[in-house]
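The values are calculated or read from the model by the stated rules, or taken from the named source; none is laboratory data. All values reported here derive from a predicted model rather than from experimental measurement. Here Cβ is always computed from backbone atoms with ideal geometry, including for glycine, and neighbour counts include all displayed protein chains. Only protein heavy atoms, including side chains, enter the accessible area calculation; ligands, DNA and RNA are left aside. Shrake-Rupley method; radii C 1.70, N 1.55, O 1.52, S 1.80 Å.
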Amino acid sequence: ASFLLLCFRSPLVTPLIFGLLLQAPFTQPSTITRPNFVLFLADDLGIGDVGCYGNDTIRTPNIDRLAKEGVKLTQHIAAAPLCTPSRAAFLTGRYPLRSGMDAVNDYRVIFWNAGSGGLPPNETTFAKILQQQGYSTGLIGKWHLGVNCESRNDHCHHPLKHGFDYFYGMPFTLISDCQPTETPEMDRAFRRKLWLYTQVIGLITLTAVLGRLTGLISVHWKTLTCLAGFSLLFFISWFSSYGFVQYWNCIMMRNHGITEQPMVTDRTTSLILRESISFIERNKHKPFLLFLSFLHSHTPLLTTEKFLGKSRHGLYGDNVEEMDWMVGQVLDAIDKEDLKDTTLVYFASDHGGWLERQEGKRQLGGWNGIYKGGKAMGGWEGGIRVPGIFRWPGVLPAGTIIEEPTSLMDIYPTVVHLAGGAVPQDRVIDGRDLLPLLRGAVARSEHEFLFHYCGVHLHAVRWHQKDTGAVWKAHYVTPIFSPPGAGACYDRGFCPCFGEGVTHHEPPLLFELSQDPSEARPLSVDTEPLFDTVIRRIGRAIEEHRRTLTPVPEQLSVSNVVWKPWLQPCCGTFPFCWCDKEGDN
């Protein structure tokens, strides 16, 4: 006892004891409130395109560093396999069909800045809750969730109506039409049909006029005039939209104002990076949320000269390596402002890589590693399994790998709770707070079931059997690959969700993902004793899930996605829309 007393009286030991008592333990709740948030979301990036997920030919040292210094999720799942619905789910923590942001038709994303569909004003994003909690909130980059509802300037779907204090970027998405040297991408097959119909109608009109002039056909000039008028109106009706895609969709905005129409693609990357770093510098003395929504790695793969020809995977690899460099620049800005330990950084992709995106022999889409399928495929893992990385020094254990099922929708409750807010209680929130799992406080994900939709059509269901750790996945609908066995729908460009391009399975295809992550060996009653039990349990889960769904307006209906000239954002007097305010500066 006297020895212990002497030790505690020692001038060296006493400060050490007090220091230990005052030091917050790793799990102290008070140390994990109100951090800054930097959320990186890549566009069309495949899980197999990143070094820390197994790619040894595309260099991604900065993303890999995030994984080394933080937590890597190996079963991180997008709520949809396309941009618009996946991003709606990410921001709201809800399956996109709950907000009407998934499609009943083939128009599965926002198609025009001048469409009337978009993220409904009554949806509550995590940005809106953080804004209410006193955070400065900024979105830099891609939006693709609509702009206006009824007039050119109502901005009902705009980021500033959904909780962001500051927006700089594209209200639409990057497409090849934005690059004049590239082959047009938007609705390419439909445009070909329209050109064909125009030529046929024009040929009929010309033949009728020549026949009338030569006396071979007896037809009134009034009829010919009407036919010619119809030909002209038909041409104008579609060319007024599709003929000017670069001006209507390829625009840059700062808050509500248009800065470039059309965008000047040579400087887009540098401006997005500049705006991201500037946002951090302006808000370093108060809590902030920066959502950096990359235009990389979507076609036309805008890449600066510094990175062209530097990768081993052509233009796509160059583009991914440039995006990784941008991640590093933002991380350096965080370090420069001494914010590293108070900032939660997250990196993910909105869905899997686009396998079918090719021009000749050039592969312009991503790679999904060992996982079957890709972008637009709601069931197969390649369309929905994406990178997922968190870093928060001192709070999240470095070098951790978590193989539990998680979702992009989980960002919503995780961010809201850390910011001191509360998730809405008047609606279903499908995401789960990831912090206990990320910190190692629990071993299992809170997700028992995840439902994999293609549009509004349920294609597959994942069951995380917590008592055994098994992850079962039942496919009720799968796309028909073309050509057969190709692993994608190369003949179509996208795999469909319904109709003649899909196969319905009864009984469903069943896989055990922890044993067969590539979904190469479907199980059967003969090979799996639990087959019937698993299918029945998943069937009950589907019934329970469907009871939570309520009818909502379809934001991606044909009437909402068509081009409406009175809704077109315009820098000037419509239809003379042109400006370059960045060039003026």
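Odds and ends about this structure:
- Between Phe230 and Lys193, the modelled labels are 1.9 nm apart [label points 7 Å from Cα along Cα→Cβ].
- Computed extension length for Asn122-Lys361: 81.5 nm, one decimal, from 0.36 nm per residue of separation with the Cα-Cα distance subtracted.
- Karplus 3J(HN,Hα) series, Hz, for segment 494-509 with 6.51 cos²θ - 1.76 cosθ + 1.60 (x for Gly, Pro): 9, 7, x, 9, 8, x, 6, x, 10, 10, 8, 10, 9, x, x, 6
- Proportion of all alpha-carbon pairs of segment 382-504 beyond 27 Å (%): 35 percent
- Shape of segment 24-131, Cα gyration tensor, a/c cut at 1.5: oblate
- Paramagnetic label reach from Asn105 (point 7 Å along Cα→Cβ; backbone nitrogen cut-off under 17 Å): within segment 539-559, residues 553-559.
- Cα-based Rg and Dmax for segment 437-535, where Dmax is the largest Cα-Cα distance (Å): 15.5, 48
- Cα-Cα pairs of segment 188-242 separated by more than 15 Å (percent): 50 percent
- Along principal axes, Cα extents of the chain, largest first, whole Å: 127, 69, 50
- Apolar share of the accessible surface for the chain: 59 percent from carbon plus sulfur atoms, 1.4 Å probe.
- Note on segment 273-375: Lys pairs 8 or more places apart or on different chains, Cα atoms under 19 Å apart, count 5.
- Net charge dipole, the chain: roughly 600 debye, given to the nearest 20, about the Cα centre with Cβ charges of +1 for Lys and Arg and -1 for Asp and Glu.
- Between the Cα long axis of helix 314-336 and the first principal axis of the chain there is an angle of about 40°, rounded to the nearest 10.
- FRET efficiency for Val558 and Phe531, using Cβ-Cβ distance with R0 set to 25 Å, rounded to 0.05: 0.05
- In the chain, the calculated helix contribution to ellipticity at 222 nm averages -9000 deg cm²/dmol per residue, counting -39,500 (n - 2.57) for every DSSP H run with n ≥ 4.
- Approximate spin-label separation Phe574-Ser240, in nm, with each point projected 7 Å along Cα-to-Cβ: 1.0 nm
- Using the average count of surrounding beta-carbon atoms within 10 Å as a protection proxy, the listed peptides 559-572, 234-247 rank, highest first, as 559-572, 234-247.
- Seen against the Cα atoms of the chain and their longest principal axis, helix 83-92 is set at about 40 degrees.
- Accessible solvent surface per residue of the chain, calculated while the other protein chains remain in place, 1.4 angstrom probe, Å²: 42 Å²
- Euclidean distance of C-alpha centroids, segment 139-155 and segment 340-381, integer Å: 25 Å
- Principal axis extents of the Cα atoms in segment 479-577, from largest to smallest and rounded to whole angstrom, are 69, 38, 26.
- The chain - share of DSSP beta bridges that are antiparallel (%, nearest 5): 60 percent
- Length added when fully stretched, Thr33-Ser518, from 0.36 nm per residue minus Cα-Cα: 170.7 nm
- Inter-part distance where segment 70-128 and segment 403-451 are each reduced to a Cα centre, Å: 17 Å
- Mean sequence separation of contacting Cα pairs (under 8 Å, at least six apart), scaled by the length of the chain, corresponds to a relative contact order of 26 percent.
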